[in-house]
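Single-structure report; data block below.
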Amino acid sequence: MSSATEDVNSSPLTCIASTAIGRGPSVERIAGDRKPGRGELITKAQFTPDGTAIIAQHNDHHLKTFVLPTDLLEEEQQPHQLTAYATHKSATEIQDFAIFPGFDLSDISTTYALCGDNDQPISLRNVCDWTYSQAKYPLVNDRTEAHYSPRTLHFINSGSHFLVGTHNSLAVFDVTRYNAGPVSLLQLKPRKGTYNGMPLTRKAYVSALATSVDGVLALGTTEREIALYDHSGMGERTATFNMDPYRGTGVSFLKWSPCGKYLLVAERRSDEIHVFDIRGTRRQLSTLVGRAGNTNQRLGLDIVHTRGESYELWAGGMDGVVRMWHNPGSKEGECPPSEDLKAHQAPVTSTIWHPFTSILATSAGSRYNTYDDEQDPPGGTDNSLRVHTCFIEGMTQLFTPDHHIGTLD
């Protein structure tokens, strides 16, 4: 296993592209204009389904589109400078985003993402020109007419519908019903006297949503409860359980194994990721330990399907290290990471695998409240988005390195 203190340059991770690191000046296009800016903390990053771009959510009310260069894998051109192709600046805090599953950069009619701005209707925007809004979907409180906070957005049914997790509610929207409210709104903890089979016991925000290959929706809350639903969330609630026996302060991520047998649960303020066998008893099988995740900051993770039913979980830590666990659920008890690779000099907020090639992207950052705007904390800052190649001896490489990365005409 590689050392967690290993320098980035000697790591099996080779950085082939990156945004500007730290607080130095940068230039990026915002709504068609170019003006100086400053790198900010990336809270979430995600590859588009076709692998041609990365969408990044920043803590300064921005969503940014980074189109990967077509010569990304050509060594003589590395490392590439990643710059934002298009940017959405919101007047309010952005809660979440979700990319359309049929995204194809070569077809501009598919390059859409849902954007959940606080105190605004949910919007469907083109990531190549964020100023263009295809549709809006209001989610309001009937009594107060205030907008519900769209904490979690999740496409289902190949993109024909999407889910919105908010406070004590799960809403289902039909994408084709522009400017219309949800087709259904489910209360998670119902009012007294209202029947709702297997309800949750605590009012909370929905903080994570994930759908299995079999169409089972897992829902996690800030009050450490989990619910399972049939038909990708449009069916009946089939089970509920909580994370009370384990250390943590609220579900931050849910991931399914590729086979749909195991549900992996990560929480804030926890160094552990728990693996549950969802078949039958829903018992905990194992605990993935050593994550270095004892923080309120949301640290990203991703599942990689390797060969057959084998898979890997990759997760970032507070120490700038990305860790990998091989085949979670195959062994019971406590399971240390199979690999740990130094990727950043700051907490790793996103860890995402390219859908087709052996490329790993990571983002990092931390808020420094004890330093003024003109002074960097000791060791500088690392609020970067990085794209790496990853080659570990003995690691299964299922991806095709010659896959077309893509471009935008």
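Rundown of residues vs (1) modelled with pLDDT under 95; (2) in contact with a strand residue (DSSP E or B) (Cβ under 7 Å, 6 or more places away or on another chain); (3) of a type in the set (A, V, I, L, M), yes/no style:
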position	(1), (2), (3)
Lys35	yes, no, no
Glu40	yes, yes, no
Lys44	no, yes, no
Ile54	no, yes, yes
His88	no, yes, no
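Within the stretch 103-117, which residues are within 25 Å of Ser149 (Cα to Cα) and of a type outside the set (S, T, N, Q)?
Tyr112, Ala113, Leu114, Cys115, Gly116, Asp117
Residue count for the stretch 282-298, restricted to those that are under 23 Å from Gly333 (Cβ atoms) and either among the basic types (Lys, Arg) or assigned to a loop (DSSP other than H, G, I, E, B) (or both): 8. So which of Leu72, Leu63 ends up being part of a loop (DSSP other than H, G, I, E, B), under 24 Å from the mean Cα position of the chain (by Cα) and either modelled with pLDDT of 80 or more or more than 19 Å from Ser384 (Cα to Cα) (or both)? Testing whether each residue is part of a loop (DSSP other than H, G, I, E, B), under 24 Å from the mean Cα position of the chain (by Cα) and either modelled with pLDDT of 80 or more or more than 19 Å from Ser384 (Cα to Cα) (or both) leaves just Leu72.
Looking at the stretch 124-138, can you tell me whether even one residue there is within 28 Å of Glu267 (Cβ to Cβ) and either in a loop (DSSP other than H, G, I, E, B) or within 21 Å of the chain's Cα centre (by Cα) (or both)? Taking every residue of the stretch 124-138 in turn, none turns out to be within 28 Å of Glu267 (Cβ to Cβ) and either in a loop (DSSP other than H, G, I, E, B) or within 21 Å of the chain's Cα centre (by Cα) (or both). Whether any residue in the stretch 318-331 is buried (at least 19 other Cβ atoms within 10 Å of the Cβ), closer than 16 Å to Lys44 by Cα and in contact (Cβ under 8 Å) with a residue 12 or more places away in the chain is what I want to check. Yes, the stretch 318-331 contains a residue that is buried (at least 19 other Cβ atoms within 10 Å of the Cβ), closer than 16 Å to Lys44 by Cα and in contact (Cβ under 8 Å) with a residue 12 or more places away in the chain. Residues that are closer than 18 Å to Thr48 by Cβ, in a loop (DSSP other than H, G, I, E, B) and of a type in the set (Val, Ile, Thr) within the stretch 76-97 comprise just one, Thr83.
For first residues located in the stretch 352-363 and among the acidic types (Asp, Glu), partners that are modelled with pLDDT of 95 or more and crowded, with 23+ Cβ neighbours inside 10 Å and lie 6+ apart or on another chain with Cβ distances below 6 Å do not occur.
Among the residues that make up the stretch 184-206, is at least one of them out of contact with any His (no Cβ under 7 Å at 6 or more places or on another chain) and closer than 28 Å to Leu105 by Cα? For the stretch 184-206, residues out of contact with any His (no Cβ under 7 Å at 6 or more places or on another chain) and closer than 28 Å to Leu105 by Cα: absent. Does Ala218 fit the bill of being surrounded by 22 or more Cβ atoms within 10 Å (Cβ to Cβ) and either touching an Asp or Glu at 6+ places or on another chain (Cβ under 6 Å) or at negative phi (or both)? Considered against the rule, which asks whether it is surrounded by 22 or more Cβ atoms within 10 Å (Cβ to Cβ) and either touching an Asp or Glu at 6+ places or on another chain (Cβ under 6 Å) or at negative phi (or both), Ala218 comes out as yes.
Conditions tested, residue by residue: (1) more than 18 Å from Gly250 (Cα to Cα); (2) touching a residue at least 40 places away in the same chain (Cβ under 8 Å); (3) polar (S, T, N, Q); (4) surrounded by 16 or more Cβ atoms within 10 Å (Cβ to Cβ).
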| site | (1), (2), (3), (4) |
| --- | --- |
| Thr176 | yes, no, yes, no |
| Asn179 | yes, yes, yes, no |
| Pro190 | yes, no, no, no |
| Arg202 | no, no, no, no |
| Ala210 | no, yes, no, yes |
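Is at least one residue of the stretch 115-130 out of contact with any helix residue (DSSP H, G or I) (no Cβ under 8 Å at 6 or more places or on another chain) and farther than 25 Å from Leu41 by Cβ? Yes.
Looking at the stretch 232-249, which of its residues are more than 20 Å from the chain's Cα centre (by Cα) and within 18 Å of Ser169 (Cβ to Cβ)?
At the first step, the residues of the stretch 232-249 found to be more than 20 Å from the chain's Cα centre (by Cα) are 234-247.
Matches in the stretch 232-249: Met234, Gly235, Glu236, Arg237, Thr240.
Select from the stretch 233-254 the residues that are over 15 Å from Thr152 (Cα atoms) and among the small types (Gly, Ala, Ser) and write down the one among them that is surrounded by the most Cβ atoms within 10 Å (Cβ to Cβ).
The qualifying residue surrounded by the most Cβ atoms within 10 Å (Cβ to Cβ) is Gly248.
In the set Thr306, Thr287, which member is touching a residue at least 60 places away in the same chain (Cβ under 8 Å) and either among the polar types (S, T, N, Q) or surrounded by 20 or more Cβ atoms within 10 Å (Cβ to Cβ) (or both)? Talk me through it step by step, then tell me what you get.
Details: Thr287 fails: touching a residue at least 60 places away in the same chain (Cβ under 8 Å).
Exactly one of Thr306, Thr287 is touching a residue at least 60 places away in the same chain (Cβ under 8 Å) and either among the polar types (S, T, N, Q) or surrounded by 20 or more Cβ atoms within 10 Å (Cβ to Cβ) (or both), namely Thr306.
What's the total number of residues in the stretch 301-317 that are outside any strand (DSSP E or B) and either closer than 20 Å to Leu217 by Cβ or modelled with pLDDT of 95 or more (or both)?
1
Kindly indicate which of Thr194, Thr201, Thr176 is in a loop (DSSP other than H, G, I, E, B), more than 20 Å from the chain's Cα centre (by Cα), modelled with pLDDT of 95 or more and over 26 Å from Glu93 (Cβ atoms). Write out each step before concluding.
Working: Thr194 fails: modelled with pLDDT of 95 or more; Thr201 fails: modelled with pLDDT of 95 or more.
Thr176 is the lone residue from the list that is in a loop (DSSP other than H, G, I, E, B), more than 20 Å from the chain's Cα centre (by Cα), modelled with pLDDT of 95 or more and over 26 Å from Glu93 (Cβ atoms).
Exactly one residue out of Asp372, Asp402 is assigned to a loop (DSSP other than H, G, I, E, B), under 22 Å from Gln297 (Cβ atoms) and either hydrophobic (A, V, I, L, M, F, W, C) or modelled with pLDDT under 95 (or both): that is Asp372.
The values are calculated or read from the model by the stated rules, or taken from the named source; none is laboratory data. All of these numbers come straight from a predicted model, not from anything done at the bench. For neighbour counting, all protein chains shown are included, and Cβ atoms are generated from backbone atoms with ideal geometry for every residue, glycine included.
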